[in-house]
Amino acid sequence: MNLIVQGLEVENSDLRAIAKLSGADQIERITGQAFRLLNANPHQDIASYCTDVHLDYAFVDPTIQLNDFGLIAMDMDSTLLAIETIDEVADMHQIKSEVAAITLSTMRGDIGFEESITRRTALLEGLHQDALQKVYDERVKLSPGAETMLKFAKIANIKTMVISGGFTFFTDRIKERLALDYAVANTLGIENNQITGKVVGSIIGSEGKAEALRQVRDTLGLKREQVIAMGDGANDLAMLAEAGTSIAYHAKPVVQEQATYAFNHVGLDGLINLFHPTTP
């Protein structure tokens, strides 16, 4: 197997120690922050060592190339974006702490998503819709490495998709801004220029996100192993399970335990370092 080691700072001494633990016979530089250890084997101490020195690691089949995949599906809040949009909208209503507490409980898996989005949306009732545009203009920020990852995905002819339990107001704009191929999210009720506090139509929750991925996967005629999914919260687990490769991105423990790989230190561009990429 290839053992991919990456982080914000990678010391040569740590690479040598990990190579020794894994029995790797060669170290290749991918970037200044990512390295490929060839012919590596799992060892019980690699996880704890990497945790101690703030590195991400992944054992990857060396025959897999980035262009073997056909779809990358991403959660929006705290994955593709570095913020929770609904929390920032709530801040416009001076109730960010109350809404953020519910968000956190949801991501940990303490409460169900449908209950969570219903409760959080209800707290936004009466807020003028201009607050949504204000959040988009002033607070939306892409996660580190997002644009680099998407550039390589385009070069490799991989379709891209954002699947969110948030609102279409944001996913539609992000889809256009980043030239994504698909976007799925909840519709926020607005009447007389004010947020009604209700979600219009069926709620896109955990199973809804999984179903959205399945539909696009089937439309594209892809197999499960040709799909990569990325998320951070418990409501992403069903979606991640529909992909052959799943990435827990700066995620809650329940997600890290079930995902194929976990990124706790690097940005979204860490994905392209896992597989032999198509050269730009």
- Where a Cα-Cα gap under 21 Å defines reach, which lysines qualify for Lys159, not counting those fewer than 8 residues away within the same chain? Lys151, Lys175, Lys209, Lys223
- Query: For the charge dipole of the chain, defined by +1 on Lys and Arg C-beta atoms and -1 on Asp and Glu C-beta atoms about the Cα centroid, which residue among Asn67, Gly126, Thr260 has the Cα displaced farthest towards the positive pole?
  - Reply: Asn67
- The lysines whose Cα lies under 16 Å from the Cα of Lys96, excluding any fewer than 8 residues away in the same chain, are Lys134
- Message: Can you tell me which of Arg217, Arg173, Arg120 moves the most in a GNM of the chain? Springs connect C-alpha atoms under 10 Å apart.
- Response: Arg173
- Taking 0.36 nm per residue of separation between Ala17 and His128 and subtracting their Cα-Cα distance, the length gained on full extension comes to 34.3 nm
- Message: What's the magnitude of the charge dipole for region 71-215 around its Cα centre, counting Lys and Arg as +1 and Asp and Glu as -1 at the beta-carbon? Answer in Debye, nearest 20.
- Response: 460
- Among Asn39, Asn67, Asn193: highest mean-square fluctuation, GNM of the chain, C-alpha pairs under 10 Å: Asn193
- Message: Which GluC sites (Glu not before Pro) in region 83-169 sit in a loop by DSSP (not H, G, I, E or B) and have at most 14 other Cβ atoms within 10 Å of their own Cβ?
- Response: Glu125
- Message: Which residue fluctuates most in the GNM of the chain (Cα springs below 10 Å): Ala153, Ala210, Ala17?
- Response: Ala17
- Message: Given the -39500 (n - 2.57) contribution per DSSP H run of 4+ residues, what per-residue ellipticity at 222 nm results for the chain, rounded to the nearest 500 deg cm²/dmol?
- Response: -11000 deg cm²/dmol
- Query: Taking the simple approach of a point 7 Å from Cα along Cα-to-Cβ for both Gln258 and Ser105, what is their distance in nm?
  - Reply: 2.0
- Message: Suppose every Lys and Arg Cβ carries +1 and every Asp and Glu Cβ carries -1, with no other charges. What dipole size does the chain come out with about its Cα centre, to the nearest 20 debye?
- Response: 500
- Query: If R0 is 22 Å, what FRET efficiency do you get for Leu38 and Glu9 from their C-beta distance, rounded to 0.05?
  - Reply: 0.50
- Tell me, what HN-Hα J-couplings in whole Hz come from the Karplus equation 6.51 cos²θ - 1.76 cosθ + 1.60 at θ = phi - 60° for each residue of region 90-101, using x for Gly and Pro? 4, 4, 5, 10, 6, 10, 4, 5, 5, 6, 4, 5
- What residues from region 56-74 fall in the zone where the backbone N is under 18 Å from a label point 7 Å along the Cα-to-C-beta line of Glu28? 57-69
- What are the semi-axes of the equivalent ellipsoid of region 122-174, taken as the square roots of 5 times the eigenvalues of the Cα gyration tensor, listed largest first and rounded to whole Å? 29, 12, 8
- Task: Using +1 at the Cβ of each Lys and Arg and -1 at the Cβ of each Asp and Glu in region 71-215, identify which of Met76, Ala153, Gly205 lies farthest towards the dipole's positive end.
- Result: Ala153
- Message: Can you tell me the length gained on complete extension of the stretch Thr148 to Ile95, counting 0.36 nm per residue apart and subtracting the Cα distance?
- Response: 15.6 nm
- Task: Identify which of the listed values of Rg and Dmax of the Cα atoms in Å was calculated from the structure shown: (1) 19.5, 66; (2) 18.6, 61; (3) 24.9, 79.
- Result: (1)
- Note on the structure: Compactness summary of region 71-215: radius of gyration and Dmax from Cα atoms, Å, are 14.9, 45
- Rg ratio (alpha-carbon, reference 2.2 N^0.38 Å) - region 1-63: 0.96
- Item | Positive-end extreme of charge dipole, the chain - chosen from Leu3, Asn192, His276 (charges on Cβ) | His276
- With +1 on each Lys and Arg Cβ and -1 on each Asp and Glu Cβ, how big is the dipole of region 1-43 about its Cα centre, in debye rounded to the nearest 20? 100
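Read-outs throughout are calculated quantities, based only on the coordinates presented, and are distinct from any laboratory measurement. Just so we're clear, the structure is a prediction, and the values are computed from it rather than from any experiment. Reconstructed Cβ throughout: ideal geometry from the backbone, glycine too, with neighbour counts over all protein chains shown.
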